[in-house]
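Following: one structure in structure tokens, then a few remarks.
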Amino acid sequence: ISACLVGSEMCIRDRYNNEWNSSANPGPQTICGNSESDWQATSTQRAGNTEVLTYPSVQLNYNGTNGYPLSRFTSMTSSYAETMNAVSGTDAEAAYDIWINGLKKEVMIWVDNHGQAPAGSKVATTTFSGATWDLYETSNRSYMAFVREGNASAGTVDLFAALNYLEGRGDLAASDVLWQVNFGWEICSTAGAAETFRVSNYSVTSTPST
């Protein structure tokens, strides 16, 4: 666990194994590492499965469960480098998972996709951080996912630009509260064999307005 200052408040970072879909009988998964920018997960998930079973990730909690309204932010940038070691039959994607208003609204940003499809329907295409992104949403707009056109296993993403774009569409409001930012892999299948997913660089820098 490590801590960082955001404005005058404290946020907490931690690595999280997150083998959460127990009803779908996920396979074994272990996680280890030295920091949020140096860690790995080894996961074995059955061949042919297309349902998300695990999301090993690094988790950044903004001021516990209190969070910050989006109106306070003037920037939020993240850099990452990850390796999936994907094989034929791997079904997984590397993605940011941003939670708004507790667990009420989910914003994902997919950067490296192998065989997965987001929930909802494609509703728009936009550009930020030097890439083109297809936006998918469910009908109630509780789930929104930006899917990068062309995979990138390393890069820098302007998370603020993504959230600001959703505000401009009316999908989010300035009064909505940022609760949590995560980065990791949604894993469905590793073709029945152990697969190692590794992060070798990761950071989030954000500035609420004061």
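The values are calculated or read from the model by the stated rules, or taken from the named source; none is laboratory data. Owing to the predicted nature of the structure, the values given are computational and were not obtained by experimental measurement. All Cβ positions, glycine included, derive from the backbone under ideal geometry; neighbour counts span all protein chains shown. Each accessible area value is taken on the protein alone, full model and side chains, heavy atoms only, with ligands, DNA and RNA left out. Shrake-Rupley method; radii C 1.70, N 1.55, O 1.52, S 1.80 Å.
Work out the P(r) tail for the chain: percent of alpha carbon pairs separated by more than 21 Å, whole number. Tail of P(r) above 21 Å: 51 percent of Cα pairs. The protection proxy used here, the mean number of other Cβ atoms lying within 10 Å of each residue, ranks peptides 121-127, 158-164, 146-152 as follows, highest first: 158-164, 146-152, 121-127.
Ligands, DNA and RNA left out, the 1.4 Å accessible surface of region 77-210 is 46% carbon and sulfur atoms. Across the protein chains, with a 1.4 Å probe defining accessible surface, the residues Tyr55, Tyr165 rank Tyr165, Tyr55 from largest area downward. Here the gap between Thr126 and Thr205, fully extended at 0.36 nm per residue and compared with their Cα-Cα distance, gives a gain of 26.2 nm. Largest GNM mean-square fluctuation among Pro28, Pro118, Pro56, using the chain with Cα springs under 10 Å: Pro28. Converting the Cα gyration tensor eigenvalues of region 74-162 into ellipsoid dimensions via √(5λ) gives semi-axes, longest first, of 20, 17, 13 Å. Computed with a 1.4 Å probe over protein heavy atoms only, the accessible surface of the chain comes to 42 Å² per residue.
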